[in-house]
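Chemist: Quick one: structure below, then a few questions.
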There are 2 protein chains.
Amino acid sequence: MSLLVTGSIGIDTVKTPHGVSENCLGGSSVYFAMAASFFSPVRFVGVVGTDCPFDLAEIFADRDIDLAGLEVRAGSKTFRWAGSYFEDMDQRRTDSLELNVLAEEPPRVPDKFKDSEFVFLANTAPYLQRELLGQVSNPRFVAADTMNCWIENNLEDLKALLRKIQCLIINADEAKLLARHHNLINAAEKILDMGIEVVVIKKGESGSITCNNEGDRFILPAYPTTGVVDPTGAGDSFAGAFLGYLAQTGKADFSTLKTAVAYGTVVASFAIAGFSLEGLGSIKKEQIDKRLKELRNLISF
Amino acid sequence: MSLLVTGSIGIDTVKTPHGVSENCLGGSSVYFAMAASFFSPVRFVGVVGTDCPFDLAEIFADRDIDLAGLEVRAGSKTFRWAGSYFEDMDQRRTDSLELNVLAEEPPRVPDKFKDSEFVFLANTAPYLQRELLGQVSNPRFVAADTMNCWIENNLEDLKALLRKIQCLIINADEAKLLARHHNLINAAEKILDMGIEVVVIKKGESGSITCNNEGDRFILPAYPTTGVVDPTGAGDSFAGAFLGYLAQTGKADFSTLKTAVAYGTVVASFAIAGFSLEGLGSIKKEQIDKRLKELRNLISF
């Protein structure tokens with residue numbers, strides 16, 4: 001089934017204990033689309049400035065990613081982010097942030113994308129997420145990401161968004177902040193009470209917790225990997241594989257959601273093995289399926 | 001098969017967001033023995049002063065715990081610990097510590113315990129752990145715990161211990177400190193290189209990683225619980241159920257170790273549901289088995 005993503009396209013500079021990658025391609029929708037494309041065609045909506053040095057059509061050439069929603073806005077500058085990771089790669093610091101075109105009007109959803117059934121609203125201001133969602137006619141399953149600044153400063157906007165979507169994919173610290181509760185199971189229940197059907201709480205190298213509003217729960221460790229080069233994009237790659245698998249199967253029952261989370265976990269483990277799209281760009285679907293089986297074996301007793 | 005534990009018996013004062021428990025029974029060997037007794041008879045070795053207000057024979061009356069190794073030392077005072085937990089119950093602060101009798105000669109292993117096959121050396125100075133181990137004739141499987149102060153100040157002693165035992169059960173932060181590596185899989189491998197067969201790295205509410213020196217790995221999330229009252233003793237309860245199950249089966253192959261870790265995880269989730277022994281004292285083996293099945297379901301996909 002059809003899968004739409006709206007999110008950022010960025011020029012990233014990333015420092016990790018393994019090295020530096022300057023002015024590389026980043027952004028939530030870029031990682032999402034690459035990850036999702038292993039499972040499903042992707043409809044891409046995003047905006048860059050005329051300074052964007054990346055040719056997404058070329059970069060996505062061997063993927064089924066429809067760039068009809070990619071706007072190159074005259075007179076605008078592309079979003080830029082620079083960040084550093086420390087020895088403990090679960091923590092990072094933003095060194096600089098230039099919203100540029102992301103602080104302007106959002107891109108338009110092309111008419112031919114308006115019938116999209118599965119939708120991912122990557123992290124941005126909740127009112128923008130709602131505006132983008134409003135351009136899709138009658139989606140079946142909408143997931144969103146958010147972050148601490150919106151929880152702290154735009155909570156009512158965020159809650160209004162949650163009442164309109166089915167699934168929130170959120171980091172553990174942000175889940176605790178949103179729910180005002182330190183226990184993640186309690187936090188998940190409080191977030192579900194805000195009006196969504198499913199919440200996926202990501203815990204970095206400690207895996208994820210998935211809960212729905214019917215009382216089902218799924219706990220999954222991260223795939224254990226020693227070769228973490230750059231964690232940037234792990235969350236969006238997770239979301240991409242998660243929604244890509246849902247769109248591929250056309251289902252969102254809890255059994256399907258569990259497999260989708262497992263695929264998200266595994267694809268994220270490849271994404272962090274290199275800077276920018278190096279990790280996701282160098283693998284085949286067979287490697288993802290192999291690692292999924294390994295993950296199942298690693299947790300079986 | 002026979003299971004011996006050596007460790008502390010303490011008078012604890014614990015503050016958590018859920019309340020305060022003053023001068024309650026604590027200590028590593030106490031939690032360990034209670035947890036292990038669901039699976040196997042336990043041989044108990046420990047020492048208290050004459051000020052100890054607890055009658056362990058009465059407290060353990062309905063358990064198969066042999067107290068022949070419990071010494072009440074005239075003129076000595078019992079170990080005391082006071083600590084506080086914060087909202088995030090994975091972190092705690094030691095408010096006061098009185099080693100008292102633990103700073104004196106260790107207790108003796110009674111002759112009738114010297115043929116013990118499974119042994120747990122709870123956290124104490126590594127040279128004491130070695131001395132206690134030296135009193136056991138020919139154990140089949142010895143596991144030990146340790147902590148940051150021994151890693152920082154008595155590393156060579158600790159490494160000498162590791163060359164004599166089969167299994168180290170250790171917290172994630174301590175594993176990183178011991179291995180001088182931030183990635184837990186790398187840390188596990190470096191610890192295995194120190195001469196042991198199995199390392200179990202505990203990550204609190206994020207579960208555990210178990211690795212052996214044949215390349216086998218097992219990743220397990222914690223059992224998700226909302227009713228965390230007091231995490232004190234979680235690690236020793238984990239170790240108790242882990243070794244209790246091994247002693248019950250008489251095996252230590254990786255398949256058995258995985259089930260043992262799962263039992264450790266589940267029993268720890270009961271231990272933290274109350275202060276002191278409230279959590280472990282109020283459950284039946286059937287509840288443990290039920291929760292083990294639930295854990296298996298929670299991670300299946």
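Chemist: Can you pull out every residue in the range A:175-198 that is over 29 Å from A:THR225 (Cβ atoms) and touching a Ser or Thr at 6+ places or on another chain (Cβ under 9 Å)?
Modeler: Passing the criteria: A:ASN186, A:GLU189.
Chemist: Looking at the range A:244-258 only, could you name the residues that are farther than 16 Å from A:PRO41 by Cα and in contact (Cβ under 8 Å) with a residue 24 or more places away in the chain?
Modeler: Matches in the range A:244-258: A:ALA252, A:PHE254, A:LEU257, A:LYS258.
Chemist: Regarding the range B:170-182, can at least one residue be identified that is on the phi > 0 side of the Ramachandran plot and either assigned to a loop (DSSP other than H, G, I, E, B) or without any contact (Cβ under 8 Å) to a residue 12 or more places away in the chain (or both)?
Modeler: Yes, the range B:170-182 contains at least one residue that is on the phi > 0 side of the Ramachandran plot and either assigned to a loop (DSSP other than H, G, I, E, B) or without any contact (Cβ under 8 Å) to a residue 12 or more places away in the chain (or both).
Chemist: So which pairs qualify, if the first residue must be in the range A:279-301 and more than 17 Å from A:THR259 (Cβ to Cβ), the second must be hydroxyl-bearing (Ser, Thr, Tyr), the Cβ gap must be under 6 Å, and the two must be at least 6 apart or on different chains?
Modeler: As it stands, the answer is A:PHE301/B:THR259, since those pairs meet every condition given.
Chemist: Does the range A:81-107 hold any residues that are touching a strand residue (DSSP E or B) at 6+ places or on another chain (Cβ under 8 Å) and not in a strand (DSSP E or B), and which are they?
Modeler: A:PHE86, A:MET89, A:GLN91, A:LEU99, A:ASN100, A:VAL101, A:LEU102, A:GLU104, A:PRO106, A:PRO107
Chemist: Kindly indicate whether A:CYS149 is surrounded by fewer than 21 Cβ atoms within 10 Å (Cβ to Cβ), within 19 Å of A:GLY7 (Cα to Cα) and of a type outside the set (A, V, I, L, M). Please lay out each step first, then the result.
Modeler: Numbers: surrounded by fewer than 21 Cβ atoms within 10 Å (Cβ to Cβ): yes; within 19 Å of A:GLY7 (Cα to Cα): yes; of a type outside the set (A, V, I, L, M): yes.
It is true that A:CYS149 is surrounded by fewer than 21 Cβ atoms within 10 Å (Cβ to Cβ), within 19 Å of A:GLY7 (Cα to Cα) and of a type outside the set (A, V, I, L, M).
Chemist: Follow-up. Which residue is surrounded by the most Cβ atoms within 10 Å (Cβ to Cβ), if the candidates are limited to the range B:117-146 and must be touching a Leu at 6+ places or on another chain (Cβ under 6 Å) and among the aromatic types (Phe, Trp, Tyr)?
Modeler: B:PHE120
Chemist: Hey, another quick one. Scan the range B:236-290 for residues that are of a type outside the set (A, V, I, L, M), in contact with a strand residue (DSSP E or B) (Cβ under 6 Å, 6 or more places away or on another chain) and outside any helix (DSSP H, G or I) and jot them down.
Modeler: B:PHE275, B:SER276
Chemist: Another question, if that's okay. Quick check on my filter: what residues within the range A:184-205 are charged (D, E, K, R), modelled with pLDDT of 95 or more and assigned to a helix (DSSP H, G or I)?
Modeler: Those that are charged (D, E, K, R), modelled with pLDDT of 95 or more and assigned to a helix (DSSP H, G or I): A:GLU189, A:LYS190.
Chemist: Which of the residues that make up the range B:199-221 are surrounded by 23 or more Cβ atoms within 10 Å (Cβ to Cβ), touching a Ser or Thr at 6+ places or on another chain (Cβ under 9 Å) and more than 7 Å from chain A (Cβ to nearest Cβ)?
Modeler: Scanning the range B:199-221 gives B:VAL199, B:VAL200, B:ILE201, B:LYS202, B:GLU205, B:SER208.
Chemist: With respect to A:SER237, is the statement that it is away from chain B (no Cβ under 13 Å), under 24 Å from A:SER40 (Cβ atoms), under 16 Å from the mean Cα position of the chain (by Cα) and small (Gly, Ala, Ser) true?
Modeler: It is true that A:SER237 is away from chain B (no Cβ under 13 Å), under 24 Å from A:SER40 (Cβ atoms), under 16 Å from the mean Cα position of the chain (by Cα) and small (Gly, Ala, Ser).
Chemist: Picking from B:GLY227, B:GLY195, which residue would you name as being among the small types (Gly, Ala, Ser), surrounded by fewer than 21 Cβ atoms within 10 Å (Cβ to Cβ) and within 13 Å of another protein chain (Cβ to nearest Cβ)? Before the answer, list the steps.
Modeler: Values: B:GLY195 fails: within 13 Å of another protein chain (Cβ to nearest Cβ).
None of the other options fit; the residue is B:GLY227.
Chemist: Take the range B:81-96 and flag every residue that is loosely packed, with under 13 Cβ neighbours inside 10 Å, touching a residue at least 40 places away in the same chain (Cβ under 8 Å) and within 14 Å of chain A (Cβ to nearest Cβ).
Modeler: The one that is loosely packed, with under 13 Cβ neighbours inside 10 Å, touching a residue at least 40 places away in the same chain (Cβ under 8 Å) and within 14 Å of chain A (Cβ to nearest Cβ): B:GLU87.
Chemist: A:VAL5 fails exactly one of the following numbered conditions: (1) within 30 Å of B:ASN186 (Cα to Cα); (2) modelled with pLDDT of 95 or more. What is the number of that condition?
Modeler: A:VAL5 satisfies all of (1) within 30 Å of B:ASN186 (Cα to Cα); (2) modelled with pLDDT of 95 or more except (1).
Chemist: While we're here: I want to confirm something. Restricting to the range A:31-64 and keeping residues that are more than 16 Å from the chain's Cα centre (by Cα) and part of a strand (DSSP E or B), which single residue is surrounded by the fewest Cβ atoms within 10 Å (Cβ to Cβ)?
Modeler: The extreme case among them is A:GLY49.
Chemist: Could you tell me whether B:SER255 is at pLDDT 95 or above, within 10 Å of another protein chain (Cβ to nearest Cβ) and more than 17 Å from the chain's Cα centre (by Cα)?
Modeler: Against the criterion (at pLDDT 95 or above, within 10 Å of another protein chain (Cβ to nearest Cβ) and more than 17 Å from the chain's Cα centre (by Cα)), B:SER255 qualifies.
Chemist: Looking at (1) over 28 Å from B:PRO139 (Cβ atoms); (2) surrounded by fewer than 24 Cβ atoms within 10 Å (Cβ to Cβ); (3) not aromatic (Phe, Trp, Tyr), find the lone condition where B:ASP253 falls short.
Modeler: (1)
Chemist: Within the range A:108-121, work out how many residues are touching a Lys or Arg at 6+ places or on another chain (Cβ under 7 Å) and assigned to a loop (DSSP other than H, G, I, E, B).
Modeler: 2
The values are calculated or read from the model by the stated rules, or taken from the named source; none is laboratory data. Here the structure is a predicted model, which is why all the values come from computation and not from measurement. Cβ: placed from backbone, ideal geometry, glycine included. Neighbour counts: every protein chain shown.
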